[in-house]
1. Condition check: within 15 Å of the ligand (Cβ to nearest atom), more than 22 Å from residue 223 (Cα to Cα) and outside any loop (DSSP other than H, G, I, E, B). Does residue 288 satisfy that?
2. Tell me which of these residue 417 doesn't satisfy, since it passes every other one: (1) touching a helix residue (DSSP H, G or I) at 6+ places or on another chain (Cβ under 7 Å); (2) at pLDDT 90 or above; (3) away from the ligand (no atom under 16 Å from the Cβ); (4) in a loop (DSSP other than H, G, I, E, B).
3. Quick check on my filter: what residues within segment 259-285 are more than 16 Å from residue 244 (Cα to Cα), more than 11 Å from the ligand (Cβ to nearest atom) and not in a loop (DSSP other than H, G, I, E, B)?
4. If I ask for residues that are loosely packed, with under 14 Cβ neighbours inside 10 Å, without any contact (Cβ under 8 Å) to a residue 40 or more places away in the chain and either under 26 Å from the mean Cα position of the chain (by Cα) or within 14 Å of residue 376 (Cα to Cα) (or both), which ones from segment 421-448 would you list?
5. For the condition away from the ligand (no atom under 16 Å from the Cβ) and within 19 Å of the chain's Cα centre (by Cα), what is the one hit in 294, 306, 255, 249?
6. So which residues in segment 338-376 are touching a residue at least 60 places away in the same chain (Cβ under 8 Å), more than 16 Å from the chain's Cα centre (by Cα) and within 16 Å of the ligand (Cβ to nearest atom)?
7. Any chance segment 269-281 includes a residue that's surrounded by fewer than 20 Cβ atoms within 10 Å (Cβ to Cβ), on the phi < 0 side of the Ramachandran plot and under 16 Å from the mean Cα position of the chain (by Cα)?
Ligand SMILES: [Zn+2]
């Protein structure tokens with residue numbers, strides 16, 4: 001029997017939290033582990049208790065919310081239940097960009113404001129703050145949702161994920177920490193080649209991770225590659241997909257190729273994990289103790305099965321409250337209750353975003369989410385961006401400029417940053433537009449490519 005995961009779980013992990021002053025993570029994890037099985041009514045009572053407290057705090061401490069309540073002729077005492085939240089207008093990304101400092105609580109210690117930034121694949125990127133306490137509750141929520149897929153702290157994990165800044169640092173301390181805590185092995189989705197995929201397959205077979213976590217499109221690409229070459233991959237205990245939409249046919253392909261269940265997940269940088277699948281796979285359970293979700297149609301709140309606009313309220317980030325935040329996705333509630341017995345409400349589906357891979361000059365593939373996160377999001381003045389590709393090595397950006405857009409320097413940045421990833425010879429064109437049209441499906445289009453990766457030409 002292998003005791004190492006137990007050692008990580010029970011010794012190294014708690015020690016590491018203690019060293020970083022993030023012991024609250026374990027307390028939140030205990031709470032979330034037990035509250036997932038309370039009744040839907042009890043969960044709503046928890047949400048209402050937290051929402052009432054948040055509204056009161058936001059009104060008193062955040063200049064933006066104080067003015068908003070006043071303009072609407074409301075005070076926190078007027079709200080008598082979760083449904084009343086609809087009285088407040090939604091919080092738009094553009095409002096966060098323009099009024100970020102007025103959303104921050106005046107009584108919050110400046111040293112406890114952790115800055116973070118969205119990826120930019122659902123509209124213009126925004127930066128925001130969260131507290132250390134919220135960082136802990138977010139981490140605990142992620143751990144709880146990981147456990148639904150049979151993924152425990154200390155398990156070996158492989159990641160098809162393009163997040164250089166999320167990687168363990170390369171210093172000796174970073175490497176030691178990664179080894180002790182079993183931080184994951186990575187496949188860089190910012191530069192995928194046939195050789196890279198072949199090497200990744202060998203790495204997986206050698207290290208045999210229990211869990212593979214992936215951008216959904218990256219996992220599908222890897223599966224198509226394996227199938228086209230009739231290669232047998234390592235079969236993990238579970239595959240956890242997120243960041244991109246997972247269609248039913250993608251799921252079938254992944255389950256078939258990797259021989260394990262797929263646990264899909266929906267989340268974003270602003271509020272971390274929003275919802276994920278339990279072993280019953282009947283939709284995604286919401287992280288409802290920390291988030292209150294609304295789905296709105298033009299005729300009011302959506303009924304189960306009906307697609308509408310998702311608004312999220314973060315019940316636990318008091319440093320910079322996000323109340324009725326328009327996240328940029330459409331979704332639908334699931335019907336009925338889940339056989340797993342969890343009382344957490346469920347999403348049936350999320351329309352999400354289109355984030356096709358883009359093909360570089362030399363045939364390399366760059367994930368759409370990767371470009372959104374590491375190129376577009378680094379330059380908020382670009383505003384909202386779509387990428388179109390019809391030829392390998394050439395992309396066209398359609399840009400709905402942000403407030404501080406500077407054509408010469410912003411387009412210069414876009415060209416050079418894109419060439420860093422797609423290749424020095426890549427053609428980078430741009431068009432300035434007034435509006436970026438919505439997709440008929442309700443999906444948000446970030447990148448679309450009609451180019452087939454070279455190594456999949458002729459493959460099914
Ligand atoms: Zn369930």
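1. Considered against the rule, which asks whether it is within 15 Å of the ligand (Cβ to nearest atom), more than 22 Å from residue 223 (Cα to Cα) and outside any loop (DSSP other than H, G, I, E, B), residue 288 comes out as no.
2. All conditions are met except number (4).
3. Matches in segment 259-285: none.
4. Once the filter is applied, which keeps residues that are loosely packed, with under 14 Cβ neighbours inside 10 Å, without any contact (Cβ under 8 Å) to a residue 40 or more places away in the chain and either under 26 Å from the mean Cα position of the chain (by Cα) or within 14 Å of residue 376 (Cα to Cα) (or both), segment 421-448 yields 435, 437, 438, 440.
5. Step by step, each of 294, 306, 255, 249 is checked, and only 294 is away from the ligand (no atom under 16 Å from the Cβ) and within 19 Å of the chain's Cα centre (by Cα).
6. Selection gives 338, 340, 341, 342, 343, 344, 345, 346, 348.
7. Yes - at least one qualifying residue is present in segment 269-281.
The values are calculated or read from the model by the stated rules, or taken from the named source; none is laboratory data. Since we're looking at a predicted model, the values are computed, not measured. Glycine also receives a Cβ, built like all others from the backbone with ideal geometry; neighbour counts cover every protein chain displayed.
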